[in-house]
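Take a look at the structure below.
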Amino acid sequence: MPAAPKSDVMSGDGRDRAPRAEPAPAPPADMPPLGLSLARILVRLALIVVLVWIIKMTMDWVMDRSDELSGDPRAMLWIVILLLLAYGLLIAVPFVPGVEIGISLMMIEGPGVAPYVYLATVIGLAVAYLCGRYLPYDWLHQVFADLRMWRVCDLLTEIKPLSRERRLTLMRRRLPRWASKIAVDGRYLGLALLFNLPGNSVIGGGGGIAMVAGLSRLFTLRGAVLTIALAVAPVPLAVWYFGIDLLGVT
């Protein structure tokens, strides 16, 4: 007896039918109430805004004090240290344009501060990477459940127990061959390019990119930190060697 035609390809009268659309993912059984989700989203956004505001106000206060203490070399040293610490914290926050802040510091203090801006940038992005690397997946699942992003929740549930090697294997199996070459085999180079992508603050900035890299668990700690150190080196080291005129400042 011939096999019956597939219901999603051929109808009973022999006419072609469009393939069935993939059903939307069902919400999880433990879906949080909408009101609770909105409250948690607002609290998280408020905490981020307050953190950025505190760091920004600290930088503004330090800059104001620098004019008063410009004749005291020891005080100016501590001002520069505070600025670099605030900059390192600020660049670790997702969606903050940290590169522009670093360039501003070099324009204000001159090429001599460029190596310290470089060091603060590496430390700030490494902190963002570590935050992502050790962020609990259960908490992240709750964040996306509050946002009603069920597919992401399903993906997190699937990859949570997987090792790095099994995650890479999963990516190779699901992506086209050309895409897997970029996303898997060339992932460190791709990460370096994202750090230097103009306008990358739209996709999270340096801090957001580093945090997502940590969340993915696809990068070793040593490889990620080395990639960060190499990716952010060109501008500050070039300013340190060639001078501030390289930025078009006279």
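FYI, it's all coordinate maths here, none of it is from the lab. These numbers were taken from a predicted model, which means no experiment stands behind them. So basically every Cβ, Gly included, is an ideal-geometry build from the backbone, and we count neighbours across all protein chains shown.
Under the simplified labelling scheme, the Ile54-Met107 pair shows an inter-label distance of 2.9 nm, with each label point 7 Å from Cα along Cα→Cβ. Packing, taken as the mean count of other beta carbons within 10 Å per residue, orders the peptides 124-131, 225-232, 236-243 from highest to lowest as 124-131, 225-232, 236-243. Taking label positions 7 Å along the Cα-Cβ direction at both Val43 and Ser216, the computed distance is 3.1 nm, reported to one decimal. Phi angles of region 198-214 translate, via the Karplus equation with coefficients 6.51, -1.76, 1.60 and θ = phi - 60°, into HN-Hα couplings of x, x, 5, 5, 5, 9, x, x, x, x, x, 5, 5, 5, 5, 4, x Hz per residue; Gly and Pro are given as x. Using only Cα positions of region 42-195, each an equal point scatterer, no hydration layer, compute I(q)/I(0) via Debye at q = 0.19 Å⁻¹ and quote the log10 values to two decimals. For region 42-195 at q = 0.19 Å⁻¹, log10 I(q)/I(0) is -1.22. For Met149 and Arg174, the FRET efficiency from 1/(1 + (r/R0)^6), where r spans their Cβ atoms and R0 equals 22 Å, is about 0.75. Among the trypsin sites (Lys or Arg not before Pro) found in region 143-210, those both in a DSSP coil and sparsely packed, with 15 or fewer other Cβ atoms within 10 Å of their Cβ, are Arg148. A dipole drawn for region 34-247 from +1 and -1 charges on Cβ atoms has a positive end, and of Met171, Gln142, Asn200 the residue lying farthest that way is Met171. Of all the Cα-Cα pairs you can form in region 94-156, what percent are over 16 Å apart? In whole percent, the long-distance tail amounts to 60. Less than 5 angstrom separates the built amide H of Gly204 from those of Phe95, all sequence-distant by 5 or more or on a different chain.
Under the simplified labelling scheme, the Gln142-Ala238 pair shows an inter-label distance of 4.5 nm, with each label point 7 Å from Cα along Cα→Cβ.
Computed from backbone phi, the HN-Hα couplings of region 121-131 come to 5, 4, 5, x, 5, 5, 5, 4, 4, 5, 4 Hz, rounded to whole numbers (Karplus: 6.51 cos²θ - 1.76 cosθ + 1.60, θ = phi - 60°; Gly and Pro given as x).
Once the mean of 1/r is taken over each pair of separate Cα atoms and inverted, region 125-231 shows a Kirkwood hydrodynamic radius of 14.5 Å.
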